[in-house]
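First comes the structure, then the notes that go with it.
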Amino acid sequence: LGHELADSLPAATAIANRLLSLAKLASPLDEIVPAVNDERSVRTIAECVGKRAHVNWPDVVMDEISKVCAVHYDDGQAIWKSPWKDLPLYQAWRSAAQHDRNIEAIGLKGFREYVARMPDTVNAAIVHSLNWLGVPRPHWESFLLCQVFSMPGWSAWTKYQDACAATDNGTADHLAGLIAIRLAYDAVLGDAMSINVDWPSLLKNDSAKSGNSTSDSVDDAPLRCMLLRASEIGYRSRLLGSFSMQHEADRNPEEKRRLAQMVFCIDVRSERMRRQLESTSAEIETFGFAGFFGMPIEFVELGAASGTSQVPVLLKPKFKLFQGVDPTSGACEATETTRIVRSRTWKSLWNDFQKSAVSCFSFVETTGLAAGVNLLSKTVVKQPLASTCSHLLQPQLESLVAQGFTANEQMALAESMLRGIGLIKNFARFVVLCGHASQTENNPLAAGLDCGACGGHSGEPNARMAVMLLNQPHVRSGLAQRGIEIPVETHFIAGLHNTTTDHIELFDVASVPAGHQGDLSELVAANREAATKNRAERMPIVASDSIADLFKRAADWSEVRPEWGLAGNAAFIVAPRSMTRDANLAGRTFLHSYDFESDPEGAVLEVIMTAPMIVANWINLQYYASTVDNHHFGSGNKTVHNVVGRFGILSGNSGDLMTGLPWQSLHNGHDFVHHPMRLQVIIAAPRAAIQRIIDKHEMVANLIHHQWLHLVAIDDGIAYQYGKRGGFVNV
């Protein structure tokens, strides 16, 4: 422990020498009071005048900017759209600001006149405001960064829009436009308040300042860093001690074929369910793989013109998968399409009427009582849980063929998926590809509980498409030519794990061969028993006193903690299941199946380390940052959130765009449910193979070398930690 701490934090040795007992360690922590840093070297003009004016100008400016951005980036929430929505952000704001008298009515005189004099282009507007304020050129960068950090939510959103525009070869000036807008308020405030800015004083560097300390005192930051690393090492030691370092040999192909192999998403919530399934039946084997199952699709629901991207954010959909009616259902697709479109139209018209100016008084007076009865029924009466799936509708492979998705491409996609899972031999009677989705009501943050690998959507379409591919004779024939022979008696089924209720739903069971019906009944019974066990394990975690209460959370519109999502995530394990099967990993690990013996060239490992590992690290850091500093990196109190533009949330009815996770996703009211630690990545593979991938990919190297995550290799039964200065050392 001492060597690892010294390697990651040079000050750790000196601190440890002074803290020789638990009492001495606890004493400085008890005395530390989180300081509010009120001596930043750079401030906006709004912050400077806000201290001595009767108007809270920082909040007023933030509200004005939030209003502009919400209208400009609106994605269908607003009934009255901005007439300048088709213009870039800066030009749209400038067109509106010359007519908007709100800010002048508050007290900022001359604002419209200043806006009218601003240049037409973004960069020229920024320079114009900087010169107007008299900011010395050497300090432009610092002052512009100050503007950005005064509105972190909208800055992050516009930077994301720039990234999307760059990918689509569009104009990327969203963030620059936001900066130009923010500077305009500062420029006019400086004049209106007769502020003579002392720039040398305002832009002074306070980094040299430090508090008085004695030789016996313990510096706050190094101490906390040391304790963080110590907690990470402690967790890693317990984790490595909980599972086998040796991979068991594959099952003898001559043995009786297993009942089922169930493939789950690597999501941490799948670990509990996989463990319960394996403990329920020795005839069930489980695997972990990214929940989009390698299907790069945009899923278009029946009657819709566009769909959802069912891929991780690192990828782009390659084709559209359209939903259609199951031909075995006997339903007419045209009739079903008409019914769905009519239902959506009436719902849209009703929502528009509710928000329209005509109904602002009459609507409440006419329907208020009925709405109250409906709300009361949802509050008092237990609502039946609706299925998150539709068995009448299913994806249509024919639509892919029309887009040029050839038979060879279908075989290549199926092969890539199976090799990525590591499922290339010893197939069971059933292979279940089980996506996952959460079930909640009145939850603007629902996407954070669904499948991240599917872009924050349900994994159902991806699982069903993959199964349809793998059940096709020509695909199986092609796979056999590529070295993957799937027995005739193996049947693929799609499923969906409801992470709020732990119910596993299987699709298209009517197409299961008659000879498999007995096996299907056995599989359904095993799923039901495992789900019951999983609910019992989760009940105390979500503070439920009964299974009924667990179900109620999925249908309760007022529930702020329907489930804990990925709270508690701490490790990403890339290894054969035989190494972790006997360990209770407590729903804290991303489990990706991998067997280096089936991947001697490391091609699959390279994909894992450059995609799923990166995404797992993003998730881990989001939970980490939201926990340690929810004010800056989280989204505050979920109960006062309001949806803005259908793409984000505000806290209350104004302010900055909120980022990160709400407090209720991290804290149960008494204690944290997420323990902030950097991700432990444990890979069962030769160190040389891992090192080649690190050397090849700069992004991966940066994450590891700068300790955004910690990497451990299990090589020939021995665990090796990747050191800060490079290279592996024995743990």
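The values are calculated or read from the model by the stated rules, or taken from the named source; none is laboratory data. Because the structure is predicted, anything quoted here is derived from the model rather than measured. All Cβ positions, glycine included, derive from the backbone under ideal geometry; neighbour counts span all protein chains shown. To get the accessible areas, we keep the full protein, side chains included, count just its heavy atoms, and leave off ligands, DNA and RNA. Shrake-Rupley method; radii C 1.70, N 1.55, O 1.52, S 1.80 Å.
Would you please give the residues with an amide H less than 5 Å from that of Ile297, counting only those at least 5 places away or on a separate chain, with H modeled from the backbone geometry? Counting only residues 5 or more places away or on other chains, the set is Gln310, Lys318. Accessible surface of region 418-531, 1.4 Å probe: 53 percent of it comes from carbon and sulfur atoms.
Going from most exposed to least, what order do Met579, Met468 have by accessible area with a 1.4 Å probe?
Met468, Met579
The residues of region 93-146 expose on average 53 square angstrom of accessible surface per residue, using a 1.4 Å probe on protein heavy atoms. Of all DSSP beta bridges confined to region 653-720, the antiparallel ones make up roughly 45%. For region 450-515, trypsin sites (Lys or Arg not before Pro) are listed when DSSP marks them as loop and at most 15 other Cβ atoms sit within 10 Å of their Cβ; the list is Arg482.
Before anything else, pin down the relative contact order of region 546-693: Cα pairs under 8 Å, at least 6 apart, normalised by residue count, whole percent. RCO, region 546-693: 29 percent.
Relative contact order, percent, of region 239-299 when contacts are C-alpha pairs under 8 Å separated by at least 6 residues?
Working: 43 pairs, mean separation 21.7, N = 61.
Answer for region 239-299 is 36 percent.
Taking every protein chain into account, the accessible area of region 390-508 amounts to 34 square angstrom per residue (probe 1.4 Å).
The accessible area of Thr610, taken with all protein chains in place and a 1.4 Å probe, comes to roughly 40 Å². Taken along the Cα-to-beta-carbon direction at a fixed 7 Å, the label points for Gln246 and Val488 span 4.0 nm. With the whole protein complex present, Ile340 retains an accessible surface near 20 Å², based on a 1.4 Å probe. Based on C-alpha pairs under 8 angstrom that are at least 6 apart in sequence, region 635-731 has a relative contact order of 18 percent.
Rolled with a 1.4 Å probe across the full set of protein chains, the surface gives Ser651 an accessible area near 50 Å².
For Gly435, neighbours were defined as the other residues whose beta-carbon sits under 11 Å from its Cβ, and their charges (Lys and Arg +1, Asp and Glu -1) total -3.
A cut-off under 13 angstrom between Cβ atoms defines the neighbours of Phe292, and their net charge, with Lys, Arg +1 and Asp, Glu -1, is -1. With each label modelled as a point 7 angstrom along the Cα→C-beta vector, the Ser521-Trp708 pair spans 5.3 nm.
For the pair Ser558 and Thr335, a Förster radius of 25 Å applied to the C-beta separation gives a FRET efficiency near 0.10, rounded to the nearest 0.05. Within region 415-559, DSSP assigns beta bridges of which about 35% are antiparallel (rounded to the nearest 5).
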